Number of protein chains: 4
Amino acid sequence: MGHRVAIAGASGYAGGEVLRLLTGHPELEIAAATAHGHAGAPVNQVHPHLRTLAGVDFTATTVEALSDADLVIMTLPHGQSAELAAQLPAGTKIVDLGADHRLVDAEAWSAYYSGPHAGAWTYGLPELPGQRAKIADATKVAATGCYAVATTLALAPVLAAGIGSPEDVVVVAASGTSGAGRQAKPHLLASEVSGSLTPYKVGAHQHVPEIKQASGATSLSFTPVLAPMPRGILATVTIRPSTAGLTGDDVRDVLSAAYQDEPFVSVLPEGVWPQTGATLGSNSCHLQVAMDADADRIIVTAAVDNLGKGAAGQVVQCANLMLGLPETAGLSANGVAP
Amino acid sequence: MGHRVAIAGASGYAGGEVLRLLTGHPELEIAAATAHGHAGAPVNQVHPHLRTLAGVDFTATTVEALSDADLVIMTLPHGQSAELAAQLPAGTKIVDLGADHRLVDAEAWSAYYSGPHAGAWTYGLPELPGQRAKIADATKVAATGCYAVATTLALAPVLAAGIGSPEDVVVVAASGTSGAGRQAKPHLLASEVSGSLTPYKVGAHQHVPEIKQASGATSLSFTPVLAPMPRGILATVTIRPSTAGLTGDDVRDVLSAAYQDEPFVSVLPEGVWPQTGATLGSNSCHLQVAMDADADRIIVTAAVDNLGKGAAGQVVQCANLMLGLPETAGLSANGVAP
Amino acid sequence: MGHRVAIAGASGYAGGEVLRLLTGHPELEIAAATAHGHAGAPVNQVHPHLRTLAGVDFTATTVEALSDADLVIMTLPHGQSAELAAQLPAGTKIVDLGADHRLVDAEAWSAYYSGPHAGAWTYGLPELPGQRAKIADATKVAATGCYAVATTLALAPVLAAGIGSPEDVVVVAASGTSGAGRQAKPHLLASEVSGSLTPYKVGAHQHVPEIKQASGATSLSFTPVLAPMPRGILATVTIRPSTAGLTGDDVRDVLSAAYQDEPFVSVLPEGVWPQTGATLGSNSCHLQVAMDADADRIIVTAAVDNLGKGAAGQVVQCANLMLGLPETAGLSANGVAP
Amino acid sequence: MGHRVAIAGASGYAGGEVLRLLTGHPELEIAAATAHGHAGAPVNQVHPHLRTLAGVDFTATTVEALSDADLVIMTLPHGQSAELAAQLPAGTKIVDLGADHRLVDAEAWSAYYSGPHAGAWTYGLPELPGQRAKIADATKVAATGCYAVATTLALAPVLAAGIGSPEDVVVVAASGTSGAGRQAKPHLLASEVSGSLTPYKVGAHQHVPEIKQASGATSLSFTPVLAPMPRGILATVTIRPSTAGLTGDDVRDVLSAAYQDEPFVSVLPEGVWPQTGATLGSNSCHLQVAMDADADRIIVTAAVDNLGKGAAGQVVQCANLMLGLPETAGLSANGVAP
């Protein structure tokens, strides 16, 4: 029989996507779907798209509800997962999509988040060198933030190869609205977002320390932009080359080498640029590169589905590793387009 | 081993969705993906979202390319499938998504289409009474048009139950742009469509005779509307009741009884209205009903993904039946939302 | 100098559009912009698009704030305008965009709204026969609801000409999200609305009695649909003909005759269908007609900007008439497209 | 009476917006609207939103059609305006929205465009120091490209004030689809663009030399992105500070001083970020600034309507100056939102 997985905080968008992936997963089954505000309500009242869960209700987010599972996925608001995790038996396998356990540096944590630093767990990005094995061995994994996934996959191999300067990285990344959650806030209304692009948290985004830690960048300017679409992140990552005469092919070779065996990262053929729409519903990251010789900058662009590889897909990928299942089980590299 | 399926016309949106479903299908594999204009080109050049088909090329749409398959799916422009089908060996199993073989009545064909009437094949809507068995026994199936799927699933049980008048049906149905295909036409540009709704072919849509034939309606007003979204059809079907004192619950009971065992048709709980977004990527149809006592009309609304249950999903469902596979294999009732 | 106009409830979308129109109006100036929740806040905090109002603050919605104006425009939540109007001096010229004073029939009011029936004011649709003069003479005008504008302009001339049956009218009308206001409700989030169409209040919409009263229909089925765009209403109005042999040209002639001198209603050339996008920002209504001989129904489609002719534009048009100004002053028949 | 203005290339999106502005302009009237492919066709066939031009037809783009005007506005494909301008009488006042006459440097021209370099005209960005007077005195003005407007207004004062390094500028700018024109190209279809962001011409955009020339930057990395909305540009401009200890307030002060008397450039209050939606239909540019001390970069974000201040609005602004009219005549600083 399949492994039993419980989701804490299953009423949000990321939680809903985890549920969707689990309903199609050949080896995992849903042990519990908990939700604070919707405990007792039918899952379909909140997630009308999940027809196969008709008849299933959310339960309260309690230690009891989660203890019965082989693995717990937490898609809770930042700050809540550390508290909940601390109450579960020590050996419980957990993948936490919140930020609580991502940062190694307590100071960086304090600069961007409130509350005590809960300490870092194994970082859940299997495509980083050596990370796959660590995740497979871990009982506690801190999944990567959605912006950090796109940015790190674009940036890390360039820095690791020594062809780009970790001290001069400029990132502009635009996200669809589901990245902001499903709380009813005025600026997230369709009337406000439709047909409009707007930056936010400019110069002070909480993802910066995470991206630095994961990518090896030491100085990174990050500007997030809210885009008029429900899903998708497009990250434009520009890096000062650290070697002269670097060409776009050189950079593409570095990325291709880094990801040649990865099922979920595609370096696109030359001339083809990532489209976020092509990643919708998938666990894929699409990459492309250009060398701007005139401005002396490497430009790597990355597209992911913020709820896919940026959240739920990555979480299921980590869960697969932690449970000894094929890493790609229940996940698709193919997007739903157009 | 799996059954081998060839797709003729795989470069369009419906063809792309068939390819996507086949890449995730446990029992089917792609024997050939043919395309007239893109023969020789990489599939990923046209469908960048289908990463697992990297390295696969389109082939020309020839009898040879299709003869090697256990089943042929045709997603060709209307008028081309009849000609191609006539050239294939008589016993070849074919599901045709074009209109060529849908209409029994040659006169109705002539009124809306050019060219000779190719004759009718088994109609590919398994949820119609008795149709499932016919499809399973057929070698040639004419899949249902996207508007016809949504309208017929809403309408047919009401007429079959004798509670609505087949002589007085008014339908307004809005579709996302992928229903209009991927030919570059000015009125389909994003600049034109974004933020705009527009009706078209008002009073003379070619789907009317198909819907009449499939639903039992004898008079039906049908107004299609182009909506600013890539996928989805919302059909609002209003019917004059043929019995006095009919309530919304009566109508809901009729629909619930008709679809209680159907994996892909959901009569939603009272008070929940279909959203096209909840069907995206799925093979589901969502239904809800109201009785407008004041205006004396039954109102049934239906949502489908025009490329899912409205096209590729339905085609794969029929193929499953024709090949003796589980009807739901490779298909999901769950949408990708938000 | 110009006339001074006060807007009560200026922080909502309709209020914002009234402010926008007034900033470009050659004869009107803003006496006060009041807002309940935002009193004291800069107008630009709520309406960042209105740059010329930088430095202007909302005031509280008080009798004092409004008494100083030559005319008061009320864009308040339904139920609040009657109470406020009753406190203003009897001779105060008021245009109320709320529903409070639209319905003549107290019973119809009670069926759809709570609270006492405040009595009917002069109905603010100048294009109805004889209505223009009544508005010009009135001190109190109840502006038309947005759905009612589109539906009534399509329907009233057909019924008045005796070519359509008032007993058999079926309307499906889709609206952009601004029609639902700017309160942060979960179903209005961009993530929910993007790429999705959904019906609501099916079989029981509060606009039905208003449309009946304004158009002369005696039985009318009305299904509203929420569409993924910020502005625009497309109404598909189908009517059973009451005379045999009616053609589309006959119906077009009736509409053309009714609106030939109207600056803001356009019967489009044959073959051109209304697009809501073409009305954005304008005070125009675009109409087109078809005769579905097969189904024996007249189909009239109408497009308006729900905040333009459907709300703020219409209000300014009425204000112009009430103040003896050119009816078109400060208004444009031209939309902002694409 | 008003000045007579002819528009060459009036069937495109920018041409349509020029027509719209002229229909509302108190001092200008349309002498001719020419269009190559649509000569003889009704303007409303191409621009159904311009109801007040019902009855007006496009004429062929000939010297005769244009000679009769007080000023000619050219919204032609790049490369065509130089040829046409050379045929008009030497004294004809012309504003050219094409790129033909923007670049002073013939070498930069050759690097990005084909055909001979036509020489530079007076650059049409009145907000640059000293430029307003030059435009007023000019008979020939080369209007600014849409991306260049947003980027230059954000960047030029920072470089002029000596607080940012002209050698280290990184720009990522996203545009709505109307910026790509109305030619029916597959990648501009609504089905492709909806819900998707994609970069293009990365590392080699033709606007780079123009932005350098206008802003004073000497090295500039520019990545354009196609966004799922019809109008709007959001430019994120990051600059290495050239002085230590620079704060966001310092940068805001520089921008505020540069634009304090400008009717169409708004430095937003601290904490308010530009939204492209708020500029729709207006001639405004909205600016905001942050200092990313950690990454040591100034970040200035700018929003414009690419068809407004980015094209037609700017052109009318220049025409007003060249004809001795009030600079703001017929233009609005207020957007149409939501």
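The values are calculated or read from the model by the stated rules, or taken from the named source; none is laboratory data. Model, not experiment: these values are computed from the prediction. Please note: Cβ atoms are built from the backbone with ideal geometry, for glycine as well, and neighbour counts cover all protein chains shown.
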Q) Taking segment D:234-248 on its own, how many of its residues are surrounded by fewer than 24 Cβ atoms within 10 Å (Cβ to Cβ) and touching a residue at least 12 places away in the same chain (Cβ under 8 Å)? A) 7
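Could you say which residue among D:D100, D:D70 is surrounded by fewer than 24 Cβ atoms within 10 Å (Cβ to Cβ), among the acidic types (D, E) and not assigned by TED's automatic domain parsing to the domain that holds D:Q183?
Details: D:D100 fails: surrounded by fewer than 24 Cβ atoms within 10 Å (Cβ to Cβ).
The conditions single out D:D70.
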Q. Consider B:G176 against the criteria (1) more than 8 Å from chain C (Cβ to nearest Cβ); (2) crowded, with 24+ Cβ neighbours inside 10 Å: it satisfies all of them except one. Which criterion is unmet?
A. (1)
(Q) Please verify whether D:A160 is surrounded by fewer than 18 Cβ atoms within 10 Å (Cβ to Cβ) and among the aliphatic types (A, V, I, L, M), treating the condition exactly as stated. (A) yes
Q. With (1) of a type outside the set (F, W, Y); (2) out of contact with any strand residue (DSSP E or B) (no Cβ under 8 Å at 6 or more places or on another chain); (3) part of a loop (DSSP other than H, G, I, E, B) as the list, and B:R102 as the residue in question, which single condition is left unmet?
A. (2)
Q | Sole exception among (1) touching a Pro at 6+ places or on another chain (Cβ under 7 Å); (2) at positive phi for C:L103, by number | A | (2)
**Q.** Some residue of segment D:58-65 being buried (at least 17 other Cβ atoms within 10 Å of the Cβ), at pLDDT 95 or above, in the same structural domain as D:S110 (by TED's automatic domain parsing) and closer than 21 Å to C:V336 by Cα
**A.** yes
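Only residues that are more than 8 Å from chain D (Cβ to nearest Cβ) and farther than 14 Å from A:I233 by Cα: list them for segment A:294-311, please.
A:I298
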Q. Just wondering, is there one or more residues in segment C:315-333 that are within 14 Å of chain D (Cβ to nearest Cβ) and at positive phi?
A. yes
Q.
Can you say whether A:G55 is part of a loop (DSSP other than H, G, I, E, B) and more than 14 Å from A:K140 (Cα to Cα), as far as the supplied structure shows?
A. yes
Q) Looking at this structure, is A:Y13 under 30 Å from A:G203 (Cβ atoms), within 14 Å of chain B (Cβ to nearest Cβ) and buried (at least 17 other Cβ atoms within 10 Å of the Cβ)? A) yes
Q) Only one of (1) crowded, with 18+ Cβ neighbours inside 10 Å; (2) not in a helix (DSSP H, G or I) is not met by D:Y147, so which one is it? A) (2)
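Yes/no matrix, rows are residues, columns are (1) part of a strand (DSSP E or B); (2) touching an Asp or Glu at 6+ places or on another chain (Cβ under 8 Å); (3) at pLDDT 95 or above:
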| residue | (1), (2), (3) |
| --- | --- |
| D:L19 | no, no, yes |
| D:L22 | no, yes, yes |
| D:E29 | yes, no, yes |
| D:W109 | no, no, no |
Q | Pairs, first at the interface with chain D (Cβ under 7 Å from one of its Cβ atoms) in segment C:45-58, second in a helix (DSSP H, G or I) and among the small types (G, A, S), C-beta under 6 Å, six or more apart | A | C:P48/D:A278; C:H49/D:A278
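Looking only at segment D:180-206, count how many residues are in a helix (DSSP H, G or I), small (G, A, S) and within 11 Å of chain A (Cβ to nearest Cβ). Quick ask: steps written out before the conclusion?
Of segment D:180-206, the ones in a helix (DSSP H, G or I) are D:180, D:186-188, D:190-193.
Filter once more, keeping what is small (G, A, S): D:180, D:190-191.
From what's left, within 11 Å of chain A (Cβ to nearest Cβ): D:190-191.
So the answer is 2.
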Q.
For A:G145, only one of the following conditions fails: (1) within 30 Å of A:G324 (Cα to Cα); (2) within 13 Å of chain D (Cβ to nearest Cβ). What is its number?
A. (2)
Q) Filtering segment B:77-114 down to residues that are acidic (D, E) and more than 20 Å from B:T62 (Cβ to Cβ), which residue is nearest to the chain's Cα centre (by Cα)? A) B:D105
(Q) With the requirement that a residue be within 12 Å of another protein chain (Cβ to nearest Cβ) and either of a type outside the set (A, V, I, L, M, F, W, C) or touching a strand residue (DSSP E or B) at 6+ places or on another chain (Cβ under 6 Å) (or both), what does segment C:20-42 give you? (A) C:R20, C:L22, C:T23, C:G24, C:H25, C:P26, C:G37, C:H38, C:P42
Q. Counting only residues that are farther than 18 Å from C:Q213 by Cα, in a helix (DSSP H, G or I), touching a strand residue (DSSP E or B) at 6+ places or on another chain (Cβ under 7 Å) and in contact (Cβ under 8 Å) with a residue 60 or more places away in the chain, how many does segment C:158-178 have?
A. 0
**Q.** Hits in segment C:213-233 - residues which are touching an Asp or Glu at 6+ places or on another chain (Cβ under 9 Å) and either within 19 Å of C:K309 (Cα to Cα) or surrounded by fewer than 24 Cβ atoms within 10 Å (Cβ to Cβ) (or both)
**A.** C:Q213, C:T218, C:S219, C:P230, C:R231, C:G232, C:I233
Q: Return only the number of the condition from (1) within 23 Å of A:M291 (Cα to Cα); (2) more than 12 Å from chain A (Cβ to nearest Cβ) that D:T238 does not satisfy.
A: (2)
Q | Answer from A:S215, A:S219 - the residue that is within 9 Å of chain D (Cβ to nearest Cβ) and of a type in the set (G, A, S) | A | A:S219
Q | From D:P209, D:P230, D:P224, residue being within 11 Å of chain A (Cβ to nearest Cβ), under 17 Å from the mean Cα position of the chain (by Cα) and either aromatic (F, W, Y) or assigned to a loop (DSSP other than H, G, I, E, B) (or both) | A | D:P230
(Q) Checking D:P48 against (1) outside any loop (DSSP other than H, G, I, E, B); (2) crowded, with 22+ Cβ neighbours inside 10 Å; (3) touching a helix residue (DSSP H, G or I) at 6+ places or on another chain (Cβ under 8 Å): exactly one of these is not met. Which one? (A) (1)
